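Participant: Can you read through this structure? Questions will come right after.
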Amino acid sequence: MKNHKLEVILVNLISFDYLVRYQAPLPVNTLAGYLKINTMDAKITVTDMQEIFNEYNSIEKNEEDSFNKTISYTIEKIQSSAQNTPVIVGLSMKWTTQEAAAAIISGALSVASNNQVLFVIGNIMATYGYQHLLKTPEFQNVIAVVGEGEDAIVSIVRKALENLEDMTNLSVYREIANVVVKINGEVSVDNLKRLNLPEYPNLAVPSASDIFDKEWRVYAIETSRGCPWGMCTFCSIKKQFGDRCRNPVKKADWKWKGFTLDKVFADIQNYINQGALVFDIKDSEFFGPMRKEGGVDPFWDSMDRVEQFAIRFGELNRKFGVTLNHVSVRIDTVVRKNETAKNARRRQVYELLAKSGLTGVYLGIESGSEKQLKRFGKGVTVEENKMAIKILREIGYEIEPGFIFFDPLADMDDLYDNINFIGESGLYKTDSRIFGSLRVQEGTTYVKMLEQRGLLGKHSPESLSYSCHYQDDEVFFIKAIFDKWECATVKLVRLLPLAVRLQYYEINFLFLRDILYSYSSTGQNGVKKTVIIYTMTRRNSLNAIWNTGGLLNKYLTQAKIENDALSSDILNL
């Protein structure tokens, strides 16, 4: 057995706020595979905190105790490794994982020698929040990786191997692209660089089990990264690959880029050989650019690429029975007004994808209000939204809609337009939460829109978002009522069988529809009566759920309490 000079432990962090959701270790397994190809003198291991938590919780039946034991297990793993060899710990920081990361860092360094362990943070929290994180006491001596992490972590490991006696000296890593360190109180990115996806190695993640998403029971793959649009005011995609580079000439490159289809299908064939049959594409946007820019029209090339993907996947579908569960698409990949020839091509490609084994699409609809769509910068119309839904259903796709019902700049007309759109299109019948409120994310144009109107609230570094005020009191009243209603069962429904979950989504639609129209006709008194009627109906529904214990028991009990409390709260309005 080879004696390695260094161990790299990549940790899939979890958050106590999202334990009901399985958080697959896809980013750390991708990094691990890439590192193994490019680094020979380092031992690479993955610690999946979600898996560890699940094992503890299956015995403990107590989320808090299981979560704390998972933290302790991770700390002990790092300390044990550091007794034998220098260690680099990579923490994959998703939303609200700052507390867990801080506990691991302080716990590990309390015992291990400081010059034996180097911590590196990456993923969403590091990319968008490194300036805050690196200035907090727990992250003082931590490296942050911004944007794509593969080449950065390889360079960090190589630098560490060259400087094992001084590997925790942060200045060693400062010049690496996409790396941020705090030097003399200064926190900045010196260089940003996107990966060269056409040269990305095949089989970087060789094991099918490492790309398996247990929540959805699919094997997750990528065919591209980035966004071909980037104009949505609520989305921070433009800063997904970095921001605020010290070099004024060097700008972040957020554009859509694709892997070669040869690489994609070499990987897929490898996973099929291991028994994988149901795949899911995790791209932010599958199709690529659709609109003219700088006199260049990329539409036909983008469609040709997807057609070639469909042809090749179709061959695997016929030979092995593999299917594709889902891709994420924009409305303009399905239809645009007054583009007859292009729309025919769009439909042709979507039909070919369906024949090749694609069964569902995540469709970024977002709104049924023209004003809201313009405010969101979607670049589409309500009519195009309706046309896209109709076309995709005619072809036979299951549609998972992206939808933002409430936003701080909405008026009542927006709400009525949305509820009518959802009712007419039957979107409430899909397995998707579509009555959410806009989350004001750091790095979005919407932050500036609220700031200009004096509606922006406090910044939350942990969630990389802002609180806000609503400009329309009536909209806020309706939102507050619905939030209380939905909050009672929002965790419970994720644990229910699909048929029962769909019933609850339909009840949410009927409740919000009737709240809106009772408010329109009789004001707050009408809302009170509607809430009381619906809470009684839902009480009977909750009592009929078969309680199997565990998390279901916890969230079912919580739902009953909150549902009954809503009746009391509404009477005090």
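The values are calculated or read from the model by the stated rules, or taken from the named source; none is laboratory data. Quick caveat: nothing in here was measured; it's all calculated off a predicted structure. Quick reminder, even Gly has a Cβ in these numbers, built from the backbone with ideal geometry, and neighbours come from all protein chains shown.
Participant: Which residue out of 85, 30 is closer than 24 Å to residue 154 by Cα and assigned to a helix (DSSP H, G or I)?
Facilitator: The match here is 30.
Participant: Go through the residues of the stretch 193-205 one by one and say whether even a single one is free of Cβ contacts under 8 Å to residues at least 24 places away in the same chain and part of a loop (DSSP other than H, G, I, E, B).
Facilitator: yes
Participant: Which condition does residue 266 not pass, out of (1) of a type in the set (A, V, I, L, M, F, W, C); (2) in contact (Cβ under 8 Å) with a residue 60 or more places away in the chain; (3) crowded, with 18+ Cβ neighbours inside 10 Å; (4) in a helix (DSSP H, G or I), if it passes all the others?
Facilitator: In the conditions (1) of a type in the set (A, V, I, L, M, F, W, C); (2) in contact (Cβ under 8 Å) with a residue 60 or more places away in the chain; (3) crowded, with 18+ Cβ neighbours inside 10 Å; (4) in a helix (DSSP H, G or I), residue 266 misses (3) alone.
Participant: If you check 26, 91, which single one turns out to be surrounded by fewer than 20 Cβ atoms within 10 Å (Cβ to Cβ), closer than 30 Å to residue 555 by Cα and in contact with a strand residue (DSSP E or B) (Cβ under 8 Å, 6 or more places away or on another chain)?
Facilitator: 26
Participant: Taking the options 80, 66, 72, name whichever one is more than 26 Å from residue 150 (Cβ to Cβ), touching a Phe, Trp or Tyr at 6+ places or on another chain (Cβ under 6 Å) and either buried (at least 18 other Cβ atoms within 10 Å of the Cβ) or free of Cβ contacts under 8 Å to residues at least 40 places away in the same chain (or both). Steps first, answer last, please.
Facilitator: Values: 80 fails: touching a Phe, Trp or Tyr at 6+ places or on another chain (Cβ under 6 Å); 72 fails: touching a Phe, Trp or Tyr at 6+ places or on another chain (Cβ under 6 Å).
Criteria check complete, one pass: 66.
Participant: Could I ask something else about it? Would you confirm, using the coordinates I've provided, whether residue 374 is farther than 20 Å from residue 441 by Cβ and surrounded by fewer than 21 Cβ atoms within 10 Å (Cβ to Cβ)?
Facilitator: In short, no.
Participant: A further question on this structure: For residue 245, all conditions in the list (1) touching a strand residue (DSSP E or B) at 6+ places or on another chain (Cβ under 6 Å); (2) at pLDDT 95 or above hold save one; what is the number of the exception?
Facilitator: (2)
Participant: Shifting gears a bit: Pairs only if they're at least six apart or on different chains, beta carbon under 6 angstrom, first in the stretch 382-395 and assigned by TED's automatic domain parsing to the domain that holds residue 364, second of a type in the set (Ser, Thr, Tyr) and part of a helix (DSSP H, G or I); list them, first residue then second.
Facilitator: As it stands, the answer is 389/425; 395/350, since those pairs meet every condition given.
Participant: Among the β-branched types (Val, Ile, Thr) and either in the same structural domain as residue 374 (by TED's automatic domain parsing) or not in a loop (DSSP other than H, G, I, E, B) (or both): is that true of residue 434 in this structure?
Facilitator: In short, no.
Participant: Just give me the residues in the stretch 441-467 being touching a residue at least 60 places away in the same chain (Cβ under 8 Å) and either under 24 Å from residue 363 (Cβ atoms) or touching a helix residue (DSSP H, G or I) at 6+ places or on another chain (Cβ under 7 Å) (or both), in sequence order.
Facilitator: Correct list: 441, 442, 443, 444, 445, 446, 461, 462, 464.
Participant: Looking at the stretch 313-352, which of the residues that are among the basic types (Lys, Arg) and within 15 Å of residue 265 (Cβ to Cβ) is surrounded by the fewest Cβ atoms within 10 Å (Cβ to Cβ)?
Facilitator: Filtering first and then ranking leaves 319.
Participant: I'd like the residue in the stretch 302-312 that is closer than 27 Å to residue 373 by Cβ and not polar (S, T, N, Q) and, out of all such residues, is surrounded by the most Cβ atoms within 10 Å (Cβ to Cβ).
Facilitator: Residue satisfying both the conditions and the ranking: 306.
Participant: Can you name every residue in the stretch 147-190 that is among the small types (Gly, Ala, Ser) and either in contact with an Asp or Glu (Cβ under 8 Å, 6 or more places away or on another chain) or not in a helix (DSSP H, G or I) (or both)?
Facilitator: 147, 149, 177, 185, 188
Participant: For the stretch 208-225, give me each residue that is part of a loop (DSSP other than H, G, I, E, B) and modelled with pLDDT of 95 or more.
Facilitator: Listed by number, the residues that qualify are 222, 223.
Participant: Any idea which of 292, 282, 239, 257 is under 30 Å from residue 371 (Cβ atoms), touching a residue at least 60 places away in the same chain (Cβ under 8 Å) and in the same structural domain as residue 206 (by TED's automatic domain parsing)?
Facilitator: Just one listed residue meets the conditions, 239.
Participant: Can I ask one more? Report, by residue number, each residue of the stretch 503-548 that is under 29 Å from the mean Cα position of the chain (by Cα), in contact (Cβ under 8 Å) with a residue 40 or more places away in the chain and within 17 Å of residue 491 (Cβ to Cβ).
Facilitator: Within the stretch 503-548, 505, 508 qualify.
Participant: Kindly provide the set of residues from the stretch 484-535 that are buried (at least 20 other Cβ atoms within 10 Å of the Cβ) and among the small types (Gly, Ala, Ser), ordered by number.
Facilitator: 488
Participant: Still on this structure, please answer the following. Tell me, which residue of the stretch 94-136 that is aromatic (Phe, Trp, Tyr) and either in contact with a strand residue (DSSP E or B) (Cβ under 6 Å, 6 or more places away or on another chain) or assigned to a loop (DSSP other than H, G, I, E, B) (or both) is surrounded by the most Cβ atoms within 10 Å (Cβ to Cβ)?
Facilitator: So the residue we want is 130.
Participant: Identify the residue in the stretch 450-469 that is buried (at least 19 other Cβ atoms within 10 Å of the Cβ) and over 20 Å from residue 15 (Cα atoms) and, among all such residues, is nearest to the chain's Cα centre (by Cα).
Facilitator: 468
Participant: From 215, 186, which residue is among the acidic types (Asp, Glu), surrounded by fewer than 19 Cβ atoms within 10 Å (Cβ to Cβ) and touching a residue at least 40 places away in the same chain (Cβ under 8 Å)?
Facilitator: 215
Participant: What's the total number of residues in the stretch 545-573 that are hydrophobic (A, V, I, L, M, F, W, C) and either surrounded by fewer than 18 Cβ atoms within 10 Å (Cβ to Cβ) or not in a helix (DSSP H, G or I) (or both)?
Facilitator: 8
Participant: Sticking with this structure for a sec: Report those helices (runs of 4 or more DSSP H) wholly inside the stretch 444-544 carrying at least 2 residues which are assigned by TED's automatic domain parsing to the domain that holds residue 570 and touching a Leu at 6+ places or on another chain (Cβ under 9 Å).
Facilitator: 473-487, 498-543
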